[in-house]
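Inspection log for the structure reproduced underneath, given as structure tokens.
Each value in this text was obtained by applying a stated rule to the coordinates, not by laboratory testing. Just so you know, these numbers come straight off a predicted model, no measurement behind them. Virtual Cβ from ideal backbone geometry, glycine too; neighbours counted across all protein chains shown.
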Amino acid sequence: MKKQNRSIKKFFAPLTNQLGRLKRATRPVWFPVKEFLFPAKDNKKLRTPFMKTLRYISYVVLLLLFYYISLELNLFWLFGRMPSVTQLRNPKMPQVSEVYTADSVLIGRYYTENRVPVKYNEISPYLINALISTEDARFYKHSGVDPRGIASAFFATAKGDQRGGSTITQQLAKNLFKTRKDNSRGLLGYVPLVRTFVAKSKEWVTALKLEHFFDKEDILTLYFNTVDYGHNTYGIRTACRTFFNTTPDSVTIDQAATLVGVLKATTYYSPTVNPDNCLARRNVVLGQMLKYKIITPAQYEVCIRKPLGINYTVEKVDNGFALYFKNYVNQYLEKWCADNGYDLYMDGLKIYTTINSRLQKIAEEAMTEHMKSLQKQFNQYYRNKHMNPWIDDNKNEIPNFIENLMPKTDYYKHVAQRLKNNKQAIDEYLNTPKRMRVFSYSGPRDTTLTPMDSLRYYMHFLHAGFMLEDPSNGYIKCWVGDVNYQYFQYDHVYQSHRQAGSAFKPFVYTAAIDNGYSPCDKMVDKPIVVRFKENGVIKEWAPRNVERRFSHQEYTLRRAMARSINSIAAQLTMIVGPEKVRDYARRMGINSPLDAYPSIGLGTNDVSLFDMVGAYGTFINNGIWTEPIPIIRITDRTGKLIHEFKPKQRRVLSQETAFLMVQMLRGGLEEPGGTTQALFQYDMWRGNEMGGKTGTSNNYSDGWFIGITPQLVGGAWVGGEQRCIHFQSSAYGEGSKMALPIYGLFFYKAYQDKKSGIKMGYFPKPNFTVTKPYQCTTRYTPKVDTSQGAAEGGADEGMEISDSAGAY
């Protein structure tokens, strides 16, 4: 044991020696202080009344010093955290992140606290003087804490007149650093009365520091930017806009008094919830302004007679346009912020997107104009047939379709959970009429429907998506996810995946041309039977044309794709191989799962419009696939660039193959019977070239059109919410009738609008040697009043081949 003690002493010897030296060094100071604070009983010099008083004052000073140090250090976690020097010098408040179009039009905000800061010179003197005269008349005479104000508040409270003694700077400390919130409350913060004293003392200390780091103008600016007005309204700019639809530099005297008066208690004095209380409080503020000669007696008399004059405007995140695009941007940003350490809802970021506000407006107009007309045709089509539009493969109405669909909806699951899966109660609820507002192309309509009838009503609507991209840089120029965001929030650009039908055929022809074929090579339209193995079972597939007959004529590949001949596309698929078709689609940006069945070339796989538009962009970008991107750059709240977005790019085709595919896609307009010739009705062909491909899936469930111009690629999709909801014939249900008009209307309107930035032009001539023949076109001059383009093949069907088409 003695050996062990000696070892311990030896171990601590260096520390003991250091403490000894420190004690000896501080003895000249410590001993007199110790003798003064704790004098011996026989030391008469230090026990006089004067020395006793001085000693008691020293005790108080030391106690306050110890308390201050304890606050700063959060001793034993008793007091909660204090703001650091960095936080004090650069105070951060939650700020709105704003989303802009490429042409600087504000289209959305992300926030937890709806706040947009202002500068001092943007705040009306009426607001500043109203605040000072009401909350802190001695603001310019104190250094953050006003002892006179504290004493006055104490004596007033003792007399029964409860009054606050906090200065504007103290209130700022509370607002800015949340001194009374959970993460700022130590263990003492849960003890009644004590917690109030601790919070107050922390605010005093913080206020003194703020006055040291900032001048009075900065403190007033920070205060007006941090205050909470209730109704999710933070800061003076948002308050002015919300309550008076004005700006902080334009408020009148009475408006300034109202806004300052609300701050005393945002609910009790709310101008919308308690207008009478608000009016009385406003007049108190006006009285204070009169008392300190901020306003004249005449101004006071005029102002107190005015009504509140509230112009209450709630700013919604979903106000404006491009709402489907904003949802996509939101997902994109949340991932980027998580990866890069930013908070989208608090950091006041400025996000500049690729979208063009003018083109977006044109796209939404084109979508509405066409879909309103198409929906009218769709309703009349089934009205004439005296049936609902959900039909089976035999063109009969599906019985109990709505009854079987309802249990699959989120609405049903919510009701079932609320009613504890009581089937009788659920059925009664779903069949009870309720007042509701429903969508119509004439505007929202108030009606009475049961939830079952509401679902039935909405299942009659067709849906659509449209997207435009500049493939040279990947910028998405416009994005419309459906006909109305308020009622249909499912996005048919990015979320929806449907069969592409013949719109997928360009991947077949790309694989063929990139592997030895040319647009002028010929193949015969003839029946074929393909045998393949699936899950170990030998199967046969016999693709057919839409009229179930074949012309047995030769067609160049260009004309075959232009007329969307299924038999030739199927033959090419088997020659190059379904796996190779899948690989080309993959490398060109199709990210959906693709089954390499023989029918892949006819578009039997589900794909998104987003991927299809990006893939077609490869053709006009000289064989380079460019990732479609929604954002150009992000800056911080001060305008400093944080990140500039560059799209992923990769060469996936040779320049020659890309050029030849552009010539192939132009064939839909230039070849006799091309399925794209419905575009001619939009009168935009002088001095202009375009190309594209239509697509129609099985039973006309999906209509597609993807089009190219020399600079842009765009695409449209149209279909029912369920695949069984569709037209029943090619007269109405093809891609050229359902989807192509959205694209055509858009470009017609964009070309007419001189400020749209979209101009007519020609595809560039190749600056390299083209080794394959491609000038094998039979030129076609359309008759706009009659030509709507030939029928195009779907995922399982083909086109009608005219006997008079001829070979060439």
Quiz prompt | Radius of gyration, Dmax [the stretch 274-413; alpha carbons; angstrom] | solution = 28.4, 86
Quiz item: What would the Debye formula give as log10 I(q)/I(0) at q = 0.11 Å⁻¹ for the alpha-carbon point model of the stretch 573-703, no solvent?
Solution: -0.53
Practice problem: Would you mind checking the radius of gyration and Dmax of the stretch 533-586 based on alpha-carbon positions, in Å? | Solution: 13.2, 37
Exercise. Please report, in Å, the Rg and the Dmax of the stretch 278-349, where both are computed over Cα atoms only.
Key: 22.7, 60
Quiz prompt | From phi via Karplus (6.51, -1.76, 1.60), per-residue ³J(HN,Hα) for the stretch 287-297 in Hz, x at Gly/Pro | solution = x, 5, 5, 5, 4, 9, 6, 6, 10, 8, x
Quiz item: So which GluC sites (Glu not before Pro) in the stretch 546-614 are both in a DSSP loop and have at most 14 other Cβ atoms within 10 Å of their Cβ?
Solution: Glu547
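Ranking request for peptides 701-711, 360-370, 526-536, 119-129: highest mean number of other beta-carbon atoms within 10 Å first, then the rest in descending order.
By packing density, highest mean first, the sequence is 701-711, 360-370, 119-129, 526-536.
Could you work out the percent of alpha carbon pairs in the stretch 380-434 separated by over 16 Å, rounded to a whole number?
55 percent
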Self-check item: Calculated P(r) of the stretch 640-700 - Cα pairs past 17 Å, %
Solution: 61 percent
Quiz item: How much length is gained if the chain between Arg437 and Lys335 is pulled fully straight, taking 0.36 nm per residue apart and subtracting their Cα-Cα distance, in nm to one decimal?
Solution: 33.2 nm
Quiz item: Hey, got the Cα dimensions of the stretch 452-557 along the principal axes, in Å, largest first?
Solution: 50, 43, 33
Quiz item: Remind me, what semi-axes does the stretch 210-318 give for its equivalent ellipsoid, largest first in whole Å, using sqrt of 5 times each Cα gyration tensor eigenvalue?
Solution: 22, 20, 12
Quiz item: Which whole-number percent of Cα pairs in the stretch 690-757 have a distance greater than 19 Å?
Solution: 36 percent
Self-check item: Kirkwood hydrodynamic radius of the stretch 446-498, Cα pairs, Å
Solution: 13.2 Å
Exercise. Sorted from largest down, give the three principal axis spans of the alpha carbons of the stretch 614-677, whole angstrom values.
Key: 59, 26, 11
Quiz item: How big is the Kirkwood radius of the stretch 568-631, worked out from every pair of different alpha carbons and given in Å to one decimal?
Solution: 12.3 Å
Self-check item: Viscosity 0.890 mPa s, 25 °C: Kirkwood-radius Stokes-Einstein D of the stretch 331-438 over Cα pairs, µm²/s
Solution: 125 µm²/s
Quiz prompt | Scattering profile of the stretch 86-130 at q = 0.16, 0.19, 0.28 Å⁻¹ [log10 I(q)/I(0), Debye over alpha-carbon scatterers] | solution = -0.70, -0.86, -0.97
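So what is the orientation-averaged projected area of the stretch 623-768, using the convex hull of its C-alpha atoms, in nm²?
Reported value for the Cα convex hull: 12.7 nm².
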